[in-house]
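Beneath this line is the structure, given in C-alpha cells, with notes to follow.
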Amino acid sequence: MAQMTMIQAITDAMRNELKNNEDVLVFGEDVGQNGGVFRATEGLQKEFGEERVFDTPLAESGIGGLAIGLGLTGFRPVMEVQFFGFVFEVFDSVAGQMNRMRYRTGGKLTSPITVRSPFGGGVKTPEMHADSLEGLMAQTPGLKVVIPSTPYDAKGLLISAIRDNDPVVYLEHMKLYRSFRAEVPEEEYTIPLGKADIKREGKDLTIVTYGAMVHSSLKAAEELEKEGIDVEVIDLMTISPLDIDTIITSVEKTSRAIVVQEAQKQAGIAANVVAEITERAILSLEAPVLRVTSPDTIYPFATIEDDWLPDYKGIVDTAKKVINF
Amino acid sequence: MSTKTLEQVENQFETFQILNEEGEVVNEAAMPELSDEQLQEIMRRMVYTRIWDQRAISLNRQGRLGFYAPVAGQEASMLGSQFALDKEDWILPGYRDIPQIVFHGLPLHQAFLWSRGHYAGSQFPDGLNVMFPQIIIGAQIIQAAGVAVGLKRKKKNNIAITYTGDGGASQGDFYEGMNFAGAYNAPAVFIVQNNRFAISVPVEKQSAAKTIAQKAVAAGIEGIQVDGMDVLAVYAATKDARERALAGEGPTLIETMTYRYGPHTMAGDDPTRYRSSDLDDEWTKKDPLVRFRKFLEKKGLWTEEKENEVVEQAKGDIKEAMKKADGTAKQKVTDLIGFMFEELPANLREQMEEYTAKESK
C-alpha cells in the first residue's frame, strides 16, 4: 500500500479509469499540459495523450456543453470546474441539462458525466473559490453529490463516480488536498455512492458531517472522550442521496445527534439531515438535534475566514448542549 | 492605426442567393447538383410542413396539441439545411425546429407527444441522432460543439448541426459554442434562423453587428449569410459547410434571413404588438414555397395535382399521427420517477412505493 495525499488519490483514480475505459476523457481549464492548478491531473496528459486528457478554452459554460455533447456521442467525460465558485457560469449545463437527460428522453439518452471541482475554506483564496455550494447541487434532482474526506475514500468514490451512468458532482475540499497522507491501495476499488461511513463508533452522541468537518468532528470527539462522552462520527461521503439508514440506526442507538457542516446554516444539508431524523426517529431522541454551521453571510474575505468557519471547539460546545439537555 | 476594420469585415457579408423571388436562377454557378426527384422531394417537404403548421395551430387552439411554435415562413431555412444532412448526422434543435427532426426520422406522432409534454415523444427511435428540443436559448449550441468533438474523436464521418434564432445569437453560449468548435476544429454547423424578432425584440436591438454571420469571424470560423427564403441557397450553403467540416476545414456559422409569419408560440404571443403589417407583406412576397414552386413549374416538375397529393397526404398523416398520440398510454408519476437514475436511490425508491400505492387506487 502507498501513502497518498488526497490529491494523489484523486489523480490515481482518474489514471485508473483512463486505463480501464478508453471512453473516459478528462478535461478542463489548465488540466492538460499544466496538470491542473492543484496538479490533480499531473502527468495524465503525458501518459494518455492529448486526445484523452486535454485543455479547454476558458469558458465554464462551454465546458459543460462539451461534456454533455461528448456524453451523447458515447464518451464518459470527467470535466473539471477549476473552482466550484465558478459553477454559476456552468449552472445550466450541470443543474438544468445533464441532470435531466435521462428523464427528458424517457431513458433514451444519458449524461454519464463526472463534474470534479475544488471548494472549501481555510486556504486563503480570493472570493468565489471557497464557497460551500453543495446545497444547491443536493437540491437539484438528477444529480448525485459526493464529498470525500480522506485519500482512501477519495479514490474509491471517484472511481464509482466515473463509472456511474448518471451525472455525479464530485467536490474536493481544498484544505484536505495535501493536509495529510494515508494508506491507499494501489489496485482499484470502489466505494458505493449513497453510502455513509462511520468514521468513529460511539454510544452517547451521533455527529453527522462531511468534508473537512469530518476531521474537526473527530478532533471534537477526542476532546469529548476526555470528559467521558462517547461520540459516533458519521461521514456522509455522498450528500445526495443521503444514506438515511446509517443516520437513523446511529441515532436510535445514541438518542442524541448534532449535524456539522462548513456551509451556511439556511436550507442546507444539515437542515435536511435534521428533517430526516425528526421524521423517522423523533421518539428515539432525548434532546433536540442541533446544527454547527457557519453564519448566513457571503463567504468572508480570506483574512477572517478562520473566525467564520466552524471549528472543533464549536462542535464540542454544541455536543455538550445536547448531552446536557 | 486603422479604424476601418469593422466596416471592411461587415461589407464582406453579402446575402447568398440562388433563386430570386420570381423563382429565377440568379447564381447559376452555385446551383447544387440535385436530381429532379430530389428537387420535388424538397418541395414536397415544404408543402407538407406548411399544411402541418396550419393543422398544428388549429389543433393547439382546440386544446389538443399543447406547446407549439409556428414555423410557416421558415420552411426553406429548416428543410433546406436538413436536406443537406446524412442520416447519421446529429441535430440539436431549438423548440421551433421540429420539422428538421421529423424529416430526420422522428415519427410525427412522437413530435405531437413531445408538444403535449409526454416522455414518449422523446424516446427517440434507435439510430436517430437528435437531441431533445432545447428550451434554454443557446444551450444547444455548446452541446453541439461537444457532439461535434465527440464525432471527430470517434472518427465518424458525420457532423453536428444546431439551430437557434437571431435572439439566440445574443447569448454567451452562442459564442462559446462557436469558439469551442473552432478551437477543436470540430465538424459543427451552426444555423441562425434570423427571423428578425426574438420574441418581440427586433434584431437591431440585439446587437450593433450589421449581420449575425460576421460573428463567426471573432470565433475564427467561416460565416455566411444566406437568403433563408431560398431553399436552394440554404441547401447549398449547408452542404458546403458540411463537406468543409468533414474535410477538417472547421465549423461554419450560417445566418439564414427569414421570417416567421405566425406568433412566437401559441401561448398568447401577439405579433401585431411589435411588427407592422407592411413588414409582414414585405416578407410574404419572399415566400419560400411560392418561389420554389415557380422554379419547379418552369422546369415542368410541379403541378397543382402534385401539390394536392402532398396536401392530402399531410392531412392523412396528421390524422393518423394524432390518433396514435391519443392512443399512447397516459404517463404516470411512477414512470417519471423511474427515469431519474439508472438505479433508484433510497429516497426515490420510497417515493416510488408511495406513488405506486396512489396510482393503484
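Values quoted throughout were computed directly from the atomic coordinates according to the rules given, and no laboratory measurement underlies them. On a predicted model such as this, the values are computed, not experimentally measured, just so you know. With ideal geometry, Cβ positions are generated from the backbone for all residues, glycine too; neighbour counts draw on all protein chains shown.
The alpha carbon centroids of the range B:323-361 and the range A:3-29 are separated by 36 Å.
With the Cα gyration tensor of the range A:104-143 giving a ≥ b ≥ c as the square roots of its eigenvalues, does the rule (a/c under 1.5 for rounded; else a/b larger than b/c for prolate; else oblate) give rounded, prolate or oblate?
Numbers: a/c = 4.66, a/b = 2.70, b/c = 1.73.
Judged from the Cα gyration tensor, the range A:104-143 comes out prolate (a/c at least 1.5, a/b above b/c).
Which number comes out as Rg/Rh for the range B:253-319 once both Rg and the Kirkwood Rh are worked out on C-alpha atoms?
Working: Rg = 15.9 Å, Rh = 14.9 Å.
Using only Cα positions, Rg/Rh for the range B:253-319 is 1.07.
Once the dipole of chain A is set up with Lys and Arg at +1 and Asp and Glu at -1 on Cβ about the Cα centre, which of A:VAL208, A:SER149, A:SER132 lies farthest towards its positive end? With unit charges placed on the Cβ atoms, the residue in question is A:VAL208. Structure remark: mean-square fluctuation, Gaussian network model of chain B, C-alpha springs under 10 Å; the largest value among B:VAL203, B:VAL226, B:VAL102 belongs to B:VAL102. Work out the P(r) tail for the protein assembly as shown: percent of alpha carbon pairs separated by more than 31 Å, whole number. In whole percent, the long-distance tail amounts to 58. Here each label is just a point 7 Å from Cα along the line to Cβ, and for B:LYS210 and B:GLN123 those points are 5.3 nm apart.
Is the shape of the range B:202-246 rounded, prolate or oblate, going by the alpha carbon gyration tensor and its root eigenvalues a ≥ b ≥ c, with a/c under 1.5 for rounded and a/b larger than b/c for prolate?
Numbers: a/c = 4.04, a/b = 1.37, b/c = 2.94.
Verdict is oblate for the range B:202-246.
Rg and Dmax of the range A:170-223, both derived from C-alpha coordinates alone, stand at 13.2, 37 Å.
Exposure proxy for A:SER132, B:SER170: other Cβ atoms within 10 Å of each Cβ, ordered fewest to most, give B:SER170, A:SER132. Running Debye on chain A with equal point scatterers at the Cα sites and no solvent, what base-10 log of I(q)/I(0) appears at q = 0.16 Å⁻¹? Cα-only, vacuum Debye calculation for chain A: -1.33.
Can you give the FRET efficiency to the nearest 0.05 for B:GLU24 and B:GLN331, using r as the Cβ-Cβ distance and R₀ = 60 Å? Please list the in-between numbers first.
Numbers: r = 51 Å, r/R0 = 0.85.
That pair, B:GLU24 with B:GLN331, gives E of 0.75.
Applied to the range B:135-146, the Karplus parametrisation 6.51 cos²θ - 1.76 cosθ + 1.60 on θ = phi - 60° returns per-residue 3J(HN,Hα) values of 9, 6, 5, x, 4, 5, 6, 5, 5, 5, 4, x Hz, with x for Gly and Pro.
Given a Förster distance of 60 Å, report the FRET efficiency between B:LYS4 and B:GLN38 from their Cβ-Cβ distance, rounded to the nearest 0.05.
Values: r = 44 Å, r/R0 = 0.73.
E(calc), rounded to 0.05, equals 0.85.
For the residues of A:91-97, the average number of beta carbons from a partner chain within 10 Å of their own beta carbon is 3. The separation of the range B:281-305 from the range B:137-210, counted between C-alpha centres, amounts to 30 Å.
In the structure shown, the pairs B:LYS286/B:LYS315; A:LYS155/A:LYS320; A:LYS265/B:LYS330 are assessed against 32 Å; a Cα-Cα span above that value is assigned to A:LYS155/A:LYS320; A:LYS265/B:LYS330. When you filter the GluC sites (Glu not before Pro) in the range A:82-138 for DSSP loop state and at most 13 other Cβ atoms inside 10 Å of their Cβ, you are left with A:GLU127. Take the Cα of A:LYS124, go 7 Å toward its beta carbon, and the backbone nitrogen atoms of the range A:287-312 under 18 Å from that spot belong to A:300-309.
Per-residue mean of other chain beta-carbon atoms within 10 angstrom of the beta-carbon, peptide A:70-80? Please report the intermediate quantities before stating the final value.
Working: counts 10, 4, 12, 14, 5, 5, 0, 2, 0, 0, 0.
If you average over the peptide's residues, the count of other-chain Cβ atoms is 5.
For A:LYS124, the aspartates and glutamates whose Cα comes closer than 18 Å to its Cα, not counting residues fewer than 8 places off in the same chain, are A:GLU172, A:GLU262, A:GLU305, A:ASP306, A:ASP307, A:ASP311.
Ratio to report: Rg/Rh of the range A:1-98, with Cα atoms as the point set and Rh obtained by the Kirkwood method; give two decimals. Don't skip to the answer; put the middle values down first.
Working: Rg = 13.2 Å, Rh = 13.7 Å.
With Rg and the Kirkwood Rh in hand, the quotient comes to 0.97.
Using a cut-off of 19 Å between alpha-carbon atoms, which aspartates and glutamates can reach B:LYS155, once sequence neighbours fewer than 8 places away in the same chain are excluded? The reachable aspartates and glutamates, counting only those whose Cα sits under 19 Å from B:LYS155, are A:GLU22, A:ASP23, A:GLU50, A:GLU51, B:ASP86, B:GLU88, B:ASP89, B:GLU243, B:GLU249.
Computed 3J(HN,Hα) for the range A:157-172, one whole-Hz value per residue from the Karplus formula 6.51 cos²θ - 1.76 cosθ + 1.60 where θ = phi - 60°, is 6, 5, 4, 4, 4, 5, 7, 5, 8, 10, x, 10, 9, 10, 9, 10, glycine and proline marked x.
Note on B:66-77: average number of Cβ atoms from other chains within 10 Å of each residue's Cβ is 0. Each helix, a run of at least 4 DSSP H residues, gives -39500 (n - 2.57); summed and divided by the residues of chain B, these come to -14500 deg cm²/dmol at 222 nm.
Computed over the Cα atoms of the range A:202-325, what is the ratio Rg over Rh, Rh following Kirkwood? Mind dumping the intermediate values first?
Values: Rg = 13.7 Å, Rh = 14.4 Å.
Ratio value, two decimals: 0.95.
Under 28 Å of direct C-alpha separation, and excluding same-chain neighbours fewer than eight residues apart, B:LYS332 reaches these lysines: A:LYS108, A:LYS144, B:LYS319, B:LYS323, B:LYS324, B:LYS358, B:LYS361. A cut-off under 11 angstrom between Cβ atoms defines the neighbours of B:GLU222, and their net charge, with Lys, Arg +1 and Asp, Glu -1, is -1. Relative to the longest principal axis of the Cα atoms of chain A, the long axis of helix A:312-323 lies at roughly 50 degrees. Amide hydrogen proximity for A:ALA257: with H placed 1.01 Å from N in the peptide plane, the residues at 5 or more positions away or on another chain lying under 5 Å are A:THR206, A:LEU290.
Debye-formula intensities of the range B:145-246, expressed as log10 I(q)/I(0) at q = 0.11, 0.15, 0.21 Å⁻¹, are -0.33, -0.61, -1.13 (one equal scatterer per alpha-carbon, no solvent). In plain terms, the chain from A:ALA287 to A:ASP55 could stretch by 78.3 nm, reckoned as 0.36 nm per residue minus the Cα-Cα distance.
In this simple spin-label model, placing a label point 7 Å from the Cα along the Cα-to-Cβ direction at both A:THR303 and A:VAL37 gives a separation of 2.2 nm.
Just from its helices, what would the mean residue ellipticity at 222 nm be for chain A, if runs of 4 or more DSSP H residues each count -39500 (n - 2.57) and the sum is divided by every residue, rounded to the nearest 500 deg cm²/dmol?
Working: 11 runs with 109 residues, N = 325.
-10000 deg cm²/dmol, from helical runs alone.
I need the shape label for the range B:208-299. Rule: rounded when a/c is under 1.5, else prolate if a/b > b/c, else oblate, with a, b, c from the alpha carbon gyration tensor.
Values: a/c = 2.54, a/b = 1.37, b/c = 1.86.
Here the range B:208-299 falls in the oblate category.
Would you work out the Kirkwood radius for the range A:107-223? I mean one over the mean of 1/r across all pairs of different Cα atoms, in Å. Walk me through the numbers before you get to the answer.
Working: mean 1/r = 0.0640 Å⁻¹.
Roughly 15.6 Å, rounded to one decimal.
Scaling the Cα radius of gyration of the range B:150-194 by the globular reference 2.2 N^0.38 Å produces a ratio of 1.22.
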